[in-house]
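Notes follow once the structure below has been shown.
The values are calculated or read from the model by the stated rules, or taken from the named source; none is laboratory data. In this text, all values refer to a predicted model and were calculated from it rather than measured experimentally. Cβ atoms come from the backbone with ideal geometry, glycine included; neighbour counts cover every protein chain shown.
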Amino acid sequence: MTKQEFRDFVKEKMVFLDGATGSNLITRGMPAGVCPEKWIMENEDVLIGLQKEYVEAGTDILYAPTFTANRCKLREYGMEEQIRQVNHKLVAVSRKAASGRALVAGDLTMTGEQLAPIGSMELEELIAVYKEQIILLEEAGVDLLVVETMMSLQESRAALIAAKETCPDLPVMVTMTFEGDGRSLYGTDAATAAVVLESLGADAIGANCSTGPGQMARIIRSMASVTRVPVIAKPNAGLPSLDAEGKTVYSMQAEEFAGEMREVCEAGASIIGGCCGTTPAHIAALHKAFHAVKPAGTGRRPEGTRFLASERRTVAFGLKDPFLIIGERINPTGKKMLQAELREGSFEMVTRFAQEQEEGGASILDVNMGMSGIDEKEMMLKAMEEVAGVSQLPLSIDSSHIDVIEAALRRYPGRALINSISLETEKFEKLIPMAKKYGAMFILLPLSDAGLPESLQEKKDIIGKILERAIDCGLTKEDIIVDGLVTTVGANPNAALETLETIRYCREKQLATVCGLSNISFGLPQRAYVNSVFLTMAIQAGLTMAIANPSSELLVASAFASDMLLHKEGSDLRYIEYAASCTGVSAQAAPAKAVSKETKAAQPAEASPSSDVYNAVLKGNRSGIGQITRRALDAGLPAKELLDNCLIPAINQVGELFDKGKYFLPQLISSAEAMKLSIGILEPLLSAGGAREQMPVVVIATVEGDIHDIGKNLVALMLKNYGFQVIDLGKDVPKETIVRAARENHASIIGLSALMTTTMQEMRHVIELARAEGLDAKIIIGGAVITQEYADEIHADGYARDAADAVRLARRLLGIREGMGGTYGNE
Ligand code: B1M
């Protein structure tokens, strides 16, 4: 099936998918814990029976059971070398079940390996894993691909890129799963997922698993509101509960399921099926209820609205919407300090500029790493990652090198803006197809190999040529923002008038526009006044956005006030909120103002050496925290005070923001890494007291399943300071390893740490094993979720609330008297 055939197919009628596979196979005899692919290959009749029932029930597209038949997952069962045979066979089995009455989709999902920096897999490795499976599925003759149960937008992108680079005309449907708060595990909201996946070429997008139909309607509505491709809903049979044996069950019956799906279809879904807990009866009920309904066919994206997105936030704008600012400051041109920092590999100013610009009112951040003495491509990728750790604004990728732009677009987990594409031959030829391939928008710079256009007509001709080529490549007018090309009024008295005329011309052609403002006033006194008046005139002419420095209060206030005077929706409140935070200083470099409620929640404390340390953890400033910690120590702050009063409160605040859904995993990681770097510097000072006497052995570990080790490391450090011989087994340590190490090293104490309600249960198992093996070591436990009551419940010998308490507890349990052991540095 081609992409066009798929579009025609889904336009005609409601399309029915299948229901759950795994849970139904278990009911029909598949034992838990086996490799599903292998079991199906050995018991193909069971799958054929189930899928035939789905076809009878009305399924139009069967998912071949290749869900986890990727190299990484098969490796877990030692079957990776049989990947070809597995994929070919499983597709053939589904084909047999379909008997020409249903299409067969090759099914792909997450590999179980996490992408760097959270895990160790690189994006290109993941793309290669997906390419391998997609090639095999295509060889096996699937009609289309479905990428499903995706928790990560970046991994979904990897699968789409892999499909594009192997089978460009095979239709691909993508569905992600969302948590109760409407975001994926990695913090992506449904609308952002839809924007990014559609722009990257998904033929249908939606949600599967996640929730029951009732809760999924909100997700579907939000996806449908931003997309033009069909929307898929494949919810569970209600919310899960535990049965008497502790097994997860979904109890929503077929009729009730179909009844609740009405709201999902009204919300915009036209490709529907079921996930966990659903059966052929659920699909039959769906078919009965909806087969005669006229399908929405596509999403309901409003005409004229454009979208840019980071991994976690979408910025939507149309030609009549409030004016936007692209923050221009992350650019080393003319900034000596930033250049020096970048040469040293530091991104402290980059992340500070990102935060300040967001707080100052920017909606998009331009990132340019063009300078001598650095590897621009590598620094661009790093800068993107660092900026994403502190701001969720979408990025404009700014480089004059095509390879830098390509590397950035491939890696960027959102929908980026390319700055810029002109009629210069190489850029024109290579960058427009690249924008299409990676789903980016671009700034059209009306320049050619001959340089600046000499007349307005020449400018219009260049705009026309680039536009035509973009449309030929499959882009639309809405993917383009035309640069008004501002020149200097001092040199050309008509400069402003020509730009204003270009803006009006584009407006008539329904094209969005952007300007870099400051050129206009070059060589004039009090440039800020000229810039802001010009901006006001340009907004009146229809300018959509400007690349500017949002720390200029005069400029931002002028823009927001212009919008209000032009009566653009929401602009009055925006102006009032901004004005309330203004200092009234009209200079170019007036301080940035915080306008976003979301960023206010994470506002750092006032500047001082100790608050700088606190803020560096809060903001996940990995590149700057070393210097900041040393500065605080030089200012005379004791290491212990920095640990107790800055680092620990900051990471706790990070935890709270994460809990409230204001911070996401990458921010949690940046903050944790920043904290570890700081502790690394403090450690020798915390140990300064040294030990006076050899003390008993302590074996310490974070329990299996838990990778939080910052607190455990502090406990280990403190015990060492008091002379204990500490054997630190690390994090995520199986009970057998802990008990073996304790026995072999004649430990007097076993110390266990756990930070999650799920993993604290593992402490009980360690204690049971240690007791079963007759160990007489005292077992002490701790970690943010642990209480004395829990320690009593699982028969631990003691609980300590922090590192100092752990030392007191260990000494008390072993009957060590006062005066023995070491001291805590700086105490
Ligand atoms: Co995660 N995390 N995290 N995390 N993380 C928590 C624990 C969480 C409470 C955040 C939240 O939602 N508010 C939450 C758990 C919810 C729950 O179960 N109740 C959580 C979650 C959900 C997760 C993930 C599942 C997120 C995801 O992937 N969606 C994931 C889990 C991965 C896994 O473990 N399988 C995850 C990942 C991470 C990072 C990797 C990003 C990072 C850890 C980096 C690392 O440790 N190397 C991280 C961080 C940093 C946190 C928070 C923000 C901070 C933990 C910390 O380092 N605190 C945390 C929220 C919070 O606790 N405020 C959170 C500072 C440290 C000094 O304190 O560890 O408590 P603490 O240690 C203290 C005492 O408790 C005591 O002494 C220490 C010093 O005073 N103590 C002992 C500790 N162990 C002891 C042992 C003892 C005695 C005392 O005797 C032996």
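Among the residues of region 669-682, what is the count of those that are polar (S, T, N, Q) and near the ligand (Cβ under 9 Å from one of its atoms)? Qualifying residue count, region 669-682: 2. Being closer than 30 Å to ILE707 by Cα and in contact (Cβ under 8 Å) with a residue 24 or more places away in the chain is the requirement here; does GLY106 meet it? The answer is no for GLY106. Among the residues of region 234-256, those that are out of contact with any strand residue (DSSP E or B) (no Cβ under 8 Å at 6 or more places or on another chain) and more than 13 Å from SER23 (Cα to Cα) comprise ALA244, GLU245, GLY246, MET252, GLN253, ALA254, GLU255, GLU256. Only residues that are without any contact (Cβ under 8 Å) to a residue 12 or more places away in the chain, surrounded by fewer than 20 Cβ atoms within 10 Å (Cβ to Cβ) and within 11 Å of the ligand (Cβ to nearest atom) were counted in region 775-804, giving 0. Of all residue pairs spaced 6 or more apart or on separate chains, those with beta-carbon atoms under 8 Å, a first member in region 516-527 that is in the same structural domain as LEU497 (by TED's automatic domain parsing) and more than 23 Å from LEU365 (Cβ to Cβ) and a second member that is assigned to a helix (DSSP H, G or I) and of a type outside the set (Gly, Ala, Ser) are SER521/ARG527; SER521/VAL530; SER521/ASN531; SER521/PHE534; LEU524/VAL530. Restricted to helices (runs of 4 or more DSSP H) entirely inside region 527-619, those with at least 3 residues that are modelled with pLDDT of 85 or more are 527-541, 553-565, 609-618. Checking each residue in region 4-19 for being modelled with pLDDT under 95 and closer than 20 Å to VAL91 by Cβ picks out only PHE9.
Scan region 215-232 for residues that are touching a Gly at 6+ places or on another chain (Cβ under 8 Å) and more than 13 Å from VAL172 (Cα to Cα) and report the count. Looking only at that region, the number is 12. Of the residues GLY389, GLY370, GLY345, the single one that is touching a residue at least 12 places away in the same chain (Cβ under 8 Å), more than 23 Å from CYS515 (Cβ to Cβ) and part of a loop (DSSP other than H, G, I, E, B) is GLY345. Scanning region 155-179 for residues being in a loop (DSSP other than H, G, I, E, B) and either within 13 Å of the ligand (Cβ to nearest atom) or β-branched (Val, Ile, Thr) (or both) gives a total of 2. If LEU714 meets every condition in (1) near the ligand (Cβ under 10 Å from one of its atoms); (2) over 26 Å from GLN627 (Cβ atoms) apart from one, which number is that one? Only one criterion in (1) near the ligand (Cβ under 10 Å from one of its atoms); (2) over 26 Å from GLN627 (Cβ atoms) is unmet by LEU714, namely (2).
LYS735 satisfies every condition listed in (1) more than 8 Å from the ligand (Cβ to nearest atom); (2) in contact with a Ser or Thr (Cβ under 7 Å, 6 or more places away or on another chain); (3) closer than 18 Å to THR759 by Cα except (2).
Checked against (1) surrounded by fewer than 20 Cβ atoms within 10 Å (Cβ to Cβ); (2) modelled with pLDDT of 95 or more, ILE463 meets all criteria but (1). Scanning region 498-526 for residues that are assigned to a loop (DSSP other than H, G, I, E, B) and either surrounded by fewer than 24 Cβ atoms within 10 Å (Cβ to Cβ) or of a type in the set (Lys, Arg) (or both) gives LYS509, GLN510, LEU511, PHE522, GLY523, LEU524, PRO525, GLN526. Restricting SER420, SER399 to those that are among the hydroxyl-bearing types (Ser, Thr, Tyr) and under 26 Å from ALA541 (Cα atoms) reduces the list to SER420. Taking the condition of a type in the set (Lys, Arg) and either modelled with pLDDT of 90 or more or within 13 Å of the ligand (Cβ to nearest atom) (or both), does ARG808 pass? Yes; evaluated as a whole, the condition is true for this residue. Taking each residue of region 657-668 that is more than 8 Å from the ligand (Cβ to nearest atom) and part of a helix (DSSP H, G or I) and looking for partners that are among the hydroxyl-bearing types (Ser, Thr, Tyr) and at pLDDT 75 or above with beta-carbon atoms closer than 7 Å, six or more apart or interchain, yields LEU657/TYR663. What do you reckon, is GLY106 in contact with a strand residue (DSSP E or B) (Cβ under 6 Å, 6 or more places away or on another chain), small (Gly, Ala, Ser) and outside any helix (DSSP H, G or I)? Yes; evaluated as a whole, the condition is true for this residue.
Listed here are the residues, each with its yes/no results for (1) outside any loop (DSSP other than H, G, I, E, B); (2) under 16 Å from VAL715 (Cβ atoms); (3) in contact with a Pro (Cβ under 9 Å, 6 or more places away or on another chain).
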position: LEU755; (1), (2), (3): no, yes, no
position: HIS765; (1), (2), (3): yes, no, no
position: ASP776; (1), (2), (3): no, no, no
position: ILE780; (1), (2), (3): yes, yes, no
position: ASP792; (1), (2), (3): yes, no, no
position: ARG801; (1), (2), (3): no, yes, no
position: ARG812; (1), (2), (3): yes, yes, no
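Can you pull out the residues in region 204-221 that are surrounded by fewer than 23 Cβ atoms within 10 Å (Cβ to Cβ) and either in a strand (DSSP E or B) or within 20 Å of the chain's Cα centre (by Cα) (or both)? Within region 204-221, just CYS209 meets the criteria. Evaluation of VAL55 against the conditions (1) surrounded by fewer than 24 Cβ atoms within 10 Å (Cβ to Cβ); (2) outside any helix (DSSP H, G or I); (3) hydrophobic (A, V, I, L, M, F, W, C); (4) in contact (Cβ under 8 Å) with a residue 24 or more places away in the chain shows that the sole unmet condition is (2). Pairing each residue of region 709-721 that is in a helix (DSSP H, G or I) with any residue that is hydroxyl-bearing (Ser, Thr, Tyr) and more than 8 Å from the ligand (Cβ to nearest atom), provided the two are 6+ apart or on different chains, yields C-beta distances under 6 Å for ASN721/SER687; ASN721/TYR824. Go over the candidates ALA285, ALA267 one by one and state the one that is in contact with a Gly (Cβ under 9 Å, 6 or more places away or on another chain) and among the hydrophobic types (A, V, I, L, M, F, W, C). Answer to the selection: ALA285. Checked against the criterion of being in contact with a strand residue (DSSP E or B) (Cβ under 7 Å, 6 or more places away or on another chain) and not in a helix (DSSP H, G or I), the candidates LEU409, LEU423 yield just one match: LEU423. Checking the stated criteria, THR149 turns out to be at pLDDT 95 or above and not in a helix (DSSP H, G or I).
Scan region 184-192 and give yes if some residue there is buried (at least 24 other Cβ atoms within 10 Å of the Cβ) and either more than 20 Å from ARG415 (Cβ to Cβ) or in the same structural domain as PRO413 (by TED's automatic domain parsing) (or both), otherwise no. No, region 184-192 contains no residue that is buried (at least 24 other Cβ atoms within 10 Å of the Cβ) and either more than 20 Å from ARG415 (Cβ to Cβ) or in the same structural domain as PRO413 (by TED's automatic domain parsing) (or both).
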